[in-house]
Amino acid sequence: MRYKKVAFGLFMSLFILSGVCYGHGVKYLRLKGGVGIEAKYSDGMPLSFSSAKVFSPGNPDAEFQTGYTDKNGRFMFFPDMEGIWKVEINDGMGHGVVTNIDVGEIVEVKEGAGFTLLEKILIGIAIIWGITGTLFYIAGKRYSKE
Amino acid sequence: MGRLQKKGGILMNTRPFIFVSLFLLVFTNPVLGHEHWLSVDKFYPPLNQKIEIFISSGHYFPDSELLLEKRLIHDTIIIDTKGEKRTYEIQPEGKRWVSKVVFESSGTYVLSYNLRKPPQKEPIYYAKCIVLVEGGEENISLYELGTGLEIIPRGKICSLKKGDKLPVQVILDGNGIGISVQVSIDGKKNFHLRSDKNCNLLVPIKVQGAYLLTCNYMGKGASLTFAVRGNVSQEGK
């Protein structure tokens, strides 16, 4: 009977504590796309590990995101609204870039940029169908004239 | 004939344009990068006097045009007359970083820092400055730090005067390299020098004042600052 109580108490405490621990758990999503910028010096060297700031069209006075470029001088961010986003890259030694990116356009291009295998096959068939159809149409017209 | 003359005329007119374009193409590239240097308010200070060290950057030595990001400045070191190292703390002041130090021995001091972009461990710029505290001997063996890209005077600086030539070598991790070095004297006289096949070059001492020597090699840069003593002000900015 005593052992049962101890086991029950242990079970309950584990149940409660695991619930507390669960609050510190982290979930993640793998993201595709995003908006990126690559900054280079005039001699082609990347602005690697340079500070980057992003300002959203909704609040151009406060940074939406800050960080550093990677070793290739690239920086990515994930906008949450369409519009003109301002990106600043600064190497901290007197060189930098300030640019505006029209996110509406870029998101459309990025999302439509890749085709699945099925889409590629369908596009291929459509092209072949179109070319042969046109050729047969021309040949048919010539035949009917003769 | 008239047509040919016209063509020749066009060519004659375009020739200066081509020359100017080529000149700009060749010479603008080295000018584009900012230089970074270390200087002091007194290159030949009296013993135990507080002096100011400046970390400056820009195109127009000795005036600093921009304040470097603190995270990039590393290894702010003073090598004293005995070759012992200590660090100096820096504070922002306008468009430069400043440190106040006291030199407690007479002789040669070498100040240095390097620029590095964390998390990269390899510096991309090495700056060095030579200070000679009055009353001591100049020790040129302290001028070679032995790491990275550095410009090393191979002769004594304190006795230099107008018309002399200072032998200088540029080394990368201990090995001499053939390279072009830019020289600026108080920002007024600017010229380039090319090292010989033995990686040595001679810096002509044209006037008294603060000398800045800079070079760039394989994505790295280096600078050396010193002053030639004289009646002209040796005070840096």
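The values are calculated or read from the model by the stated rules, or taken from the named source; none is laboratory data. Since the structure is predicted, the reported quantities are computational estimates derived from the model, not experimental observations. As a convention, Cβ positions derive from the backbone with ideal geometry for all residues, glycine included, and neighbour counts pool all protein chains shown. These accessible areas exclude ligands, DNA and RNA; they are computed on the full protein's heavy atoms, side chains included. Shrake-Rupley method; radii C 1.70, N 1.55, O 1.52, S 1.80 Å.
Observations, loosely collected:
- In terms of accessible area, using a 1.4 Å probe and ignoring ligands and nucleic acids, B:PHE43, B:PHE191 rank largest first as B:PHE191, B:PHE43.
- Taking all protein chains together and a 1.4 Å probe, the residues A:ARG30, B:ARG71 rank A:ARG30, B:ARG71 from largest to smallest accessible area.
- With both labels modelled 7 Å from their Cα along Cα-to-Cβ, the A:GLU82 to A:ASP43 distance reads 4.3 nm.
- Averaged over A:84-97, number of beta-carbon atoms from partner chains that fall within 10 Å: 3
- Charge tally in the Cβ shell below 12 Å around A:VAL98, where Lys, Arg are +1 and Asp, Glu are -1, A:VAL98 excluded: +1
- Relative contact order [Cα under 8 Å, 6+ residues apart], the stretch B:91-189, whole percent: 19
- Qualifying aspartates and glutamates (Cα of each under 15 Å from Cα of B:LYS188; at least 8 residues distant if same chain): B:ASP63, B:GLU235
- Proximal charge balance of B:LYS117 [Cβ under 11 Å; K/R count +1, D/E count -1]: +1
- Net charge of the neighbourhood of B:VAL207, taken over other residues with C-beta under 11 Å away and scored Lys/Arg +1, Asp/Glu -1, is +4.
- Mean sequence separation of contacting Cα pairs (under 8 Å, at least six apart), scaled by the length of the stretch B:126-237, corresponds to a relative contact order of 28 percent.
- Hits among aspartates and glutamates - C-alpha to C-alpha of B:LYS162 under 16 Å, sequence gap 8 or more where chains match: B:ASP186
- Segments B:192-204, B:107-119, A:77-89 sorted - mean Cβ within 10 Å per residue, highest first: B:107-119, A:77-89, B:192-204
- Distance (nanometres) between label positions extended 7 Å along Cα→Cβ at B:GLU65 and B:LYS188: 2.1
- Highest average first, the peptides B:88-100, B:44-56 ordered by how many other beta carbon atoms sit within 10 Å of their residues are B:44-56, B:88-100.
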